[in-house]
Amino acid sequence: GDEKQPDGVNVSGALRILEQHHDQPFFIALGIHKPHDPFVAPKEYFDLYPKGSTKLAMEPPDRSPQVRHAIPNHRDFAGFTDRERIEFKRAYHACVSFADAQIGRVLDALDRLKLWDNTIVILIGDHGYHLGEHEWWNKVTVYELGTRSPMIAWVPGAKGMGKASDAIIEFIDLYPTLADYAGLAAPHKLSGTSLRAVFDDPSKPGKQAAWSQVNRGKAIGRSVRTARWRYTEWGPNGREGLELYDHEHDTGEYHNLAEVPELSLVRADLSKLLASGFPPQKLIKP
């Protein structure tokens, strides 16, 4: 049953805190482990995805050759059979639904305790995930699938509640946002910016870009995402690989345009933007 799972136990603890302290200021940070592996959840959540209903990712046959470091290690999942791939994806989906149900228990408590009018609620995932796309079944990439994460926010009084937004934001913006709404002065210079403007008007573009990084041993991959482009450099100045994807035409990031001559100025501008978000990389001798 749900309440015998570790996530269920943690949610029950959070509910006890809500019951005891809902009539005074409180801050609760609640982590849900699922859908992290191992993909274990009560049977009822697997029943939501009957065998035979799960479909595998379809990838374009004309995709670009993959940059060397784009995926951590192709060997990790190379031995999967289609049956194992399907069951992996089905189990992941079951764990997502289990996590949804646990979050629902918390939201039900906010209903019961009438807390929506004076409580900020922010739901985030800590990273994206591949479910077979780019031949990968995990995280730790700077593809869109690895770096884009869900975020849902409820802020009482904000004018844009209930509307979706395409604004670019980063998780480092959450602390400045909460401090802003709480009327608290930051104790030091902050890296992020308050999302109040976006919460009031979801049509606003948000930040110019979002930055991400992964390590492959001594090779560092740094990526910047704008409203249209994703640009990635592997190693100093991209010496170990470059990636450029146009999200107007290639949301799956299968066609690498980094070597297209007509886009050289776009690449140069994005390279400067990328560098502005990171300290310079140093060459490491092998």
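The values are calculated or read from the model by the stated rules, or taken from the named source; none is laboratory data. Every value quoted in this text rests on a predicted model; they were computed, and no experiment measured them. Backbone-built Cβ (ideal geometry, glycine too); neighbour counts: all protein chains shown. Side chains are part of the model used for accessible areas, which takes the heavy atoms of the whole protein and leaves out ligands, DNA and RNA. Shrake-Rupley method; radii C 1.70, N 1.55, O 1.52, S 1.80 Å.
Side notes on the structure shown:
- Normalised by 2.2 N^0.38 Å, with N the number of residues, the alpha-carbon radius of gyration of the range 221-267 equals 1.06.
- For the range 205-250, applying the loop criterion from DSSP together with a ceiling of 11 other beta carbons within 10 Å to the GluC sites (Glu not before Pro) yields Glu248.
- Selection from His74, Gly206, Leu15 lying farthest towards where the dipole of the chain points positive, charges on Cβ: His74
- Cα gyration tensor category, rounded, prolate or oblate, for the chain with a/c compared to 1.5: oblate
- Within the range 1-58, the trypsin sites (Lys or Arg not before Pro) that combine a DSSP coil assignment with at most 14 other C-beta atoms in a 10 angstrom radius are Lys51, Lys55.
- Max mean-square fluctuation residue, GNM over the chain, Cα-Cα springs under 10 Å, options Ala109, Ala167, Ala210: Ala109
- Filter on Lys55/Lys207; Lys43/Lys218; Lys139/Lys207; Lys89/Lys204; Lys4/Lys189; Lys34/Lys114 - keep pairs with C-alpha separation over 31 Å: Lys55/Lys207; Lys43/Lys218; Lys89/Lys204; Lys4/Lys189
- Probe 1.4 Å - accessible area at Met151, Å² to nearest ten: 50 Å²
- Accessible area (Å², 1.4 Å probe, nearest 10) - Asp269: 100 Å²
- Global form of the range 155-286, assessed from the alpha-carbon gyration tensor, a/c cut-off 1.5: oblate
- Mean-square fluctuations from a GNM of the chain, with a 10 angstrom spring cutoff on Cα atoms, peak among Ile28, Ile172, Ile220 at Ile28.
- Candidate residues Val142, Val96: accessible-area rank, largest first, probe 1.4 Å: Val96, Val142
- Gain on full stretching of the segment that runs from Lys55 to Ala182 - 0.36 nm per residue minus C-alpha separation: 41.2 nm
- Between Leu131 and His33, full extension at 0.36 nm per residue minus the direct alpha carbon distance yields a gain of 33.5 nm.
- Charge dipole (Cα centre; +1 on Lys/Arg Cβ, -1 on Asp/Glu Cβ; no other charges) of the chain amounts to roughly 720 debye.
- For the residues Tyr181, Tyr92, Tyr231, a GNM of the chain with alpha-carbon springs under 10 Å puts the largest fluctuation on Tyr181.
- Computed lengthening from Arg148 to Asp62, 0.36 nm per intervening residue step minus Cα-Cα distance: 28.5 nm
- Note on Arg112 and Leu190: their simple-model spin labels are 3.3 nm apart, each label 7 Å out from Cα toward Cβ.
- The label point for Glu87 and the one for Ala164, both projected 7 Å from the Cα toward the Cβ, are 3.5 nm apart.
- The label point for Phe80 and the one for Ala268, both projected 7 Å from the Cα toward the Cβ, are 4.1 nm apart.
- Within the chain, helix-based [θ] at 222 nm, where runs of 4 or more DSSP H residues each add -39,500 (n - 2.57), nearest 500: -9000 deg cm²/dmol
- In this view, the solvent-accessible surface of Leu257, computed with a 1.4 Å probe and all protein chains in place, comes to about 50 Å².
- Solvent-accessible area, 1.4 Å probe, carbon plus sulfur percent, for the chain: 56 percent
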